[in-house]
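Working notes, structure below.
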Amino acid sequence: MKRGTLIGLAVFAFSLLPAWAVKSASQESRLVWVGAILFFAFGGAMVSLASQAQRPKSGPYISRYRPPFHAVLGLSFLAAELLAIAFTYAEPGVGIVGGLGLYLAKLGAILFPVVAKYATAIEPPLSPGALFRAQAIVSVIMLAGVPSFIAYSAFLFGMPDTERRDLYASNPRKRPSDTFVILGVPFVLLIAATVFFGWFEFDDEPVTKAKECIMKAVCYARGDDLLVIAAAFIKTFAAFGAPIGALVVLDTNRVLPRT
């Protein structure tokens, strides 16, 4: 079995882990988590197979530095996931895990405005246990986005233009237009800022649909453990993935020739 296949299976297994390992979650939440992971795994596998059929042979830079980047990405989020699961069993400041969770919650409140708002912008206020859980879990997962963002930026922009041009040209999408860059990049960055600062998710509007719960702090912060973990991953991918996407769009527009 190829190494890439083994890594994919390991990622899949660890993605399923929270469904049964967290302390508190409804049967429905566990099933939804498993279903979502299966859906994304299937979609990711199809995209990977399609891209491998069209992908040119990697240049020396990509061959050398892509594995370390993947290692940083995988280890960062694996550690964050395991700690998030551990925090569902911990009490604030009690024992090594509780002390670490409290430290990360305080650090997250300093670095990420959305984390600080769990203590100040939810009415009625969260209980000490719920506040600890929300701040610790969201903080540790968002903190995992920091080394991942740095590693990806270093990997991408350290790449020679020739390899980067070949990488972009192998993508079926064409060079983004200047209009798309001018309009799309600020919009994507606005999405990241909305998540980072917690705009709109702390308003007083009632949650009327189950699918809205994951976007409203007053709902998911009082929900089960899987809701909090899912919300934390969504925030991280939006807060860090959106700027990466904007950088790639800008660079693709710069590197690829006009048609």
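The values are calculated or read from the model by the stated rules, or taken from the named source; none is laboratory data. Note that the structure is a prediction, hence the values are computed from the model and not measured. Positions of Cβ are generated from backbone atoms using ideal geometry, with glycine treated the same way; all protein chains shown enter the neighbour counts. Surface areas here come from the heavy atoms of the whole protein model, side chains and all, with no ligands, DNA or RNA. Shrake-Rupley method; radii C 1.70, N 1.55, O 1.52, S 1.80 Å.
Kirkwood radius for the stretch 107-259, taken over all pairs of different Cα atoms as the inverse mean of 1/r, rounds to 17.2 Å. Rolling a 1.4 Å probe across the protein heavy atoms gives the chain an accessible surface of 57 Å² per residue. Separation of the stretch 214-232 from the stretch 136-177 is 28 Å, based on Cα centroids. Projected onto their three principal axes, the Cα atoms of the stretch 60-182 cover extents of 54, 35, 22 Å, largest first. Listed by number, the DSSP H helices of the chain that run 30 Å or longer by alpha-carbon position along their axis and have mean Kyte hydropathy of at least 0.5 are 27-54, 60-87, 128-157. Each semi-axis of the equivalent ellipsoid for the stretch 134-212 is √(5λ) with λ an eigenvalue of the Cα gyration tensor; in descending order they amount to 33, 20, 11 Å. Which one of 107, 196, 152 is farthest out on the positive end of the charge dipole of the stretch 59-255, using unit charges on Cβ (Lys, Arg +1; Asp, Glu -1) and the Cα centre as origin? Result: 152. Scattering from the C-alpha atoms of the stretch 197-259 alone, worked out with Debye: what is log10 I(q)/I(0) at q = 0.14, 0.24 1/Å? For the requested q values the scattering log ratios are -0.54, -0.99.
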